[in-house]
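The structure under discussion appears below in the form of structure tokens.
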Amino acid sequence: MGDSNQHLAHMSAIEAVAGIRAGAFTSEAMVRSCLDRCEAVEETVQAWTFLDPDYALEQARKADAAHASAIDLGPLHGVPVGLKDIIDTKDMPTEYGTVLRAGRRPKEDATVVSLLRQAGAVIMGKTVSTELAAYHPGKTRNPHDPERTPGGSSSGSTAAVAAGMVPLSVGTQTNGSVIRPAAYCGVYGLKPTHAAISRRGVLRQSQFLDHVGVFARCVEDLALLAEPLMAYDAGDADMRPQAARNIVAVASQDPPATPIVAFVKTPVWDEASEDTKAAFAELASLLGDSCDEVDLPPPFENVVQWHRTVMFADIAKNYATFYDNGRDQLSDNLRAMIEEGQGVLAVDYNQAIEWREVLNSGLAEVFRRYDAVLTPAAPSEAPLGLDSTGNPIFSTLWTFCGTPAVTLPLLRGAAGLPMGVQLVAARGDEGRLLRTARWLVQTVENA
């Protein structure tokens with residue numbers, strides 16, 4: 001492969017779409033540039049579990065042929081996208097990050113994959129997931145320092161974007177698996193409202209907690225990727241019919257008034273490193289009158305345990321086949337999670353679930369007064385070591401409540417590595433959340 005279009009791999013998706021539509025370059029050139037980048041850094045980063053260059057280029061040529069015939073393939077026309085390897089693809093393996101499903105070939109695409117194809121995207125390949133999207137690490141390394149974790153469980157999806165191998169990718173979050181790795185790898189990550197994007201054809205860990213999320217290199221690209229994926233699918237029991245979402249339009253607007261954010265330390269503030277605490281104190285000071293510190297009421301102190309109750313019980317139910325037929329091939333920590341989940345009482349499970357609406361009623365009061373909640377995306381920059389994916393605890397509350405959250409790579413930790421700033425909004429308010437995120441990025445960059 002040549003290197004005449006090296007710069008294309010580092011373009012934003014919005015720039016790539018515009019360039020392809022204007023005829024400045026082709027989808028094939030864009031994909032070749034990304035493949036060149038993969039060839040250069042994949043040995044170190046190890047983000048992919050399946051990558052077929054010939055097939056990626058074949059899709060790109062079809063996109064270019066459609067463009068030449070004046071056929072519009074949609075908002076992601078010709079742009080390559082990476083997919084977490086727990087999302088079914090009929091033309092690529094989907095192995096769930098476990099030897100128990102090695103060589104698995106789904107018969108049909110997940111809904112999110114069908115929507116990507118309808119939007120004109122090139123499905124670049126499958127990115128590494130941790131074992132069954134839980135806590136046991138895969139092979140992926142942090143692009144900023146290969147001795148540090150990239151986070152999980154969407155390890156490969158995040159690292160591929162951070163390393164310049166693909167401009168966009170799709171992952172999932174059941175605890176902190178979008179927000180945390182995006183923070184560690186220094187990219188933008190969006191976990192939309194619970195069930196805003198269909199989970200049909202995605203490995204089920206917990207119907208109550210599973211979210212599909214997206215990764216990119218700027219706020220505008222998050223909106224570009226998320227909007228076509230937020231289409232109603234009756235195959236996801238938690239989705240509800242709704243009007244088309246104009247996330248791109250809202251996110252690209254300037255706020256009608258200067259946003260005001262609520263700095264919420266949450267009950268897990270003691271988990272934050274000292275440099276995280278210092279960085280957020282500086283950020284709050286920079287924002288001045290646009291930032292108020294807000295405390296959450298006492299029931300929020302129980303969220304981590306409620307989340308654990310629901311997540312572990314659901315894993316025990318949904319992973320019963322893996323446990324019954326292959327427990328010796330599961331990691332020790334996943335076996336322990338399943339066995340703890342097997343002991344959860346129905347009364348505790350149901351009480352935990354019932355608290356979500358109570359908590360969201362409390363959050364509604366915050367969101368009536370503030371444009372978003374400001375809080376850390378992770379306790380620290382990516383920790384050293386590859387035997388853990390880091391601590392997801394700053395995502396747990398927002399995952400449990402199903403509220404949309406975005407992480408922005410605005411800060412640096414003590415070792416000079418990225419540190420994420422998390423913004424959270426009311427359920428269904430992704431457009432306003434991303435609009436506020438753009439404002440925050442511009443405010444920090446202009447300071």
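The values are calculated or read from the model by the stated rules, or taken from the named source; none is laboratory data. The structure displayed is predicted, hence computed values, not measured ones. Note: ideal-geometry Cβ built from the backbone for every residue, glycine included; neighbour counts use all protein chains shown.
Could you grab me the full set of residues in the stretch 187-216 that are of a type in the set (Lys, Arg) and more than 14 Å from Ser153 (Cα to Cα)? Quick ask: steps written out before the conclusion?
Going through the stretch 187-216, the residues of a type in the set (Lys, Arg) turn out to be 191, 199-200, 204.
Within the stretch 187-216, Arg199, Arg200 qualify.
When restricted to residues that are of a type outside the set (Phe, Trp, Tyr), out of contact with any Lys or Arg (no Cβ under 8 Å at 6 or more places or on another chain) and within 21 Å of Trp398 (Cβ to Cβ), the stretch 430-443 contains 9.
Would you say Pro150 is in contact (Cβ under 8 Å) with a residue 60 or more places away in the chain, over 11 Å from the mean Cα position of the chain (by Cα) and closer than 15 Å to Lys84 by Cα? So Pro150 fits the description; yes.
Check the stretch 244-267 and report whether any residue there is surrounded by fewer than 15 Cβ atoms within 10 Å (Cβ to Cβ) and in a helix (DSSP H, G or I). Yes, the stretch 244-267 has at least one match.
Entry remark, the stretch 159-181: residues being farther than 23 Å from Glu28 by Cα and in contact with a helix residue (DSSP H, G or I) (Cβ under 7 Å, 6 or more places away or on another chain) number 10 in total.
For the stretch 403-428, what are the residues that are out of contact with any strand residue (DSSP E or B) (no Cβ under 7 Å at 6 or more places or on another chain) and either basic (Lys, Arg) or assigned by TED's automatic domain parsing to the domain that holds Val294 (or both)?
Keep residues of the stretch 403-428 that are out of contact with any strand residue (DSSP E or B) (no Cβ under 7 Å at 6 or more places or on another chain), which gives 414-416, 426-428.
If the condition is that a residue be out of contact with any strand residue (DSSP E or B) (no Cβ under 7 Å at 6 or more places or on another chain) and either basic (Lys, Arg) or assigned by TED's automatic domain parsing to the domain that holds Val294 (or both), then Ala426, Arg427, Gly428 are the ones that fit.
For the stretch 259-271, state whether one or more residues are under 22 Å from Arg432 (Cα atoms) and of a type in the set (Lys, Arg). Yes, the stretch 259-271 has at least one match.
Let's see how each residue does on (1) surrounded by fewer than 24 Cβ atoms within 10 Å (Cβ to Cβ); (2) hydroxyl-bearing (Ser, Thr, Tyr); (3) assigned to a loop (DSSP other than H, G, I, E, B):
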| residue | (1), (2), (3) |
| --- | --- |
| Gly103 | yes, no, yes |
| Val112 | no, no, no |
| Gly125 | no, no, no |
| His136 | yes, no, yes |
| Lys139 | yes, no, yes |
| Ser153 | no, yes, yes |
| Ala160 | no, no, no |
| Val170 | no, no, no |
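Taken over the stretch 200-216, residues that are within 16 Å of the chain's Cα centre (by Cα), touching a residue at least 40 places away in the same chain (Cβ under 8 Å) and crowded, with 22+ Cβ neighbours inside 10 Å amount to 9.
Taking the criterion of being touching a strand residue (DSSP E or B) at 6+ places or on another chain (Cβ under 9 Å), surrounded by fewer than 22 Cβ atoms within 10 Å (Cβ to Cβ) and of a type in the set (Val, Ile, Thr), the residues of the stretch 429-447 that qualify are Val441, Val444.
Quick test for you: out of Asp289, Asp314, pick the one residue that is surrounded by fewer than 16 Cβ atoms within 10 Å (Cβ to Cβ) and assigned by TED's automatic domain parsing to the domain that holds Ala364. Give the derivation first.
Details: Asp314 fails: surrounded by fewer than 16 Cβ atoms within 10 Å (Cβ to Cβ).
Residue meeting the stated conditions: Asp289.
Close contacts from the stretch 114-136, counting a first residue that is under 16 Å from Val202 (Cβ atoms) and a second that is aromatic (Phe, Trp, Tyr) and assigned to a loop (DSSP other than H, G, I, E, B), with Cβ to Cβ under 6 Å and a gap of 6+ residues or different chains, come to Leu132/Tyr96. Any residue at all in the stretch 283-296 that's touching a residue at least 40 places away in the same chain (Cβ under 8 Å), part of a loop (DSSP other than H, G, I, E, B) and farther than 22 Å from Arg435 by Cβ? Yes, the stretch 283-296 contains at least one residue that is touching a residue at least 40 places away in the same chain (Cβ under 8 Å), part of a loop (DSSP other than H, G, I, E, B) and farther than 22 Å from Arg435 by Cβ.
Being more than 28 Å from Phe322 (Cα to Cα), in contact with a Phe, Trp or Tyr (Cβ under 9 Å, 6 or more places away or on another chain) and in the same structural domain as Thr130 (by TED's automatic domain parsing) is the requirement here; does Glu42 meet it? Considered against the rule, which asks whether it is more than 28 Å from Phe322 (Cα to Cα), in contact with a Phe, Trp or Tyr (Cβ under 9 Å, 6 or more places away or on another chain) and in the same structural domain as Thr130 (by TED's automatic domain parsing), Glu42 comes out as yes.
Here Thr396 does not fit the description of being touching a strand residue (DSSP E or B) at 6+ places or on another chain (Cβ under 9 Å) and at pLDDT 95 or above. Filter the stretch 53-92 for residues that are farther than 22 Å from Ile20 by Cα and of a type in the set (Asp, Glu); which is surrounded by the fewest Cβ atoms within 10 Å (Cβ to Cβ)? Filtering first and then ranking leaves Asp91. One residue stands out among those in the stretch 377-425 that are among the hydroxyl-bearing types (Ser, Thr, Tyr) and buried (at least 21 other Cβ atoms within 10 Å of the Cβ): the one that is nearest to Pro143 (Cα to Cα), which is Thr389.
The set of residues in the stretch 172-204 being in contact with a strand residue (DSSP E or B) (Cβ under 7 Å, 6 or more places away or on another chain), of a type in the set (A, V, I, L, M, F, W, C) and part of a loop (DSSP other than H, G, I, E, B) consists of Val178, Val187, Ile197.
With Glu42, Glu95 as the choices, which residue is under 21 Å from the mean Cα position of the chain (by Cα), surrounded by fewer than 21 Cβ atoms within 10 Å (Cβ to Cβ) and either closer than 18 Å to Thr158 by Cβ or among the aliphatic types (A, V, I, L, M) (or both)? Lay out the reasoning, then the answer.
Working: Glu95 fails: either closer than 18 Å to Thr158 by Cβ or among the aliphatic types (A, V, I, L, M) (or both).
None of the others qualify; the one that does is Glu42.
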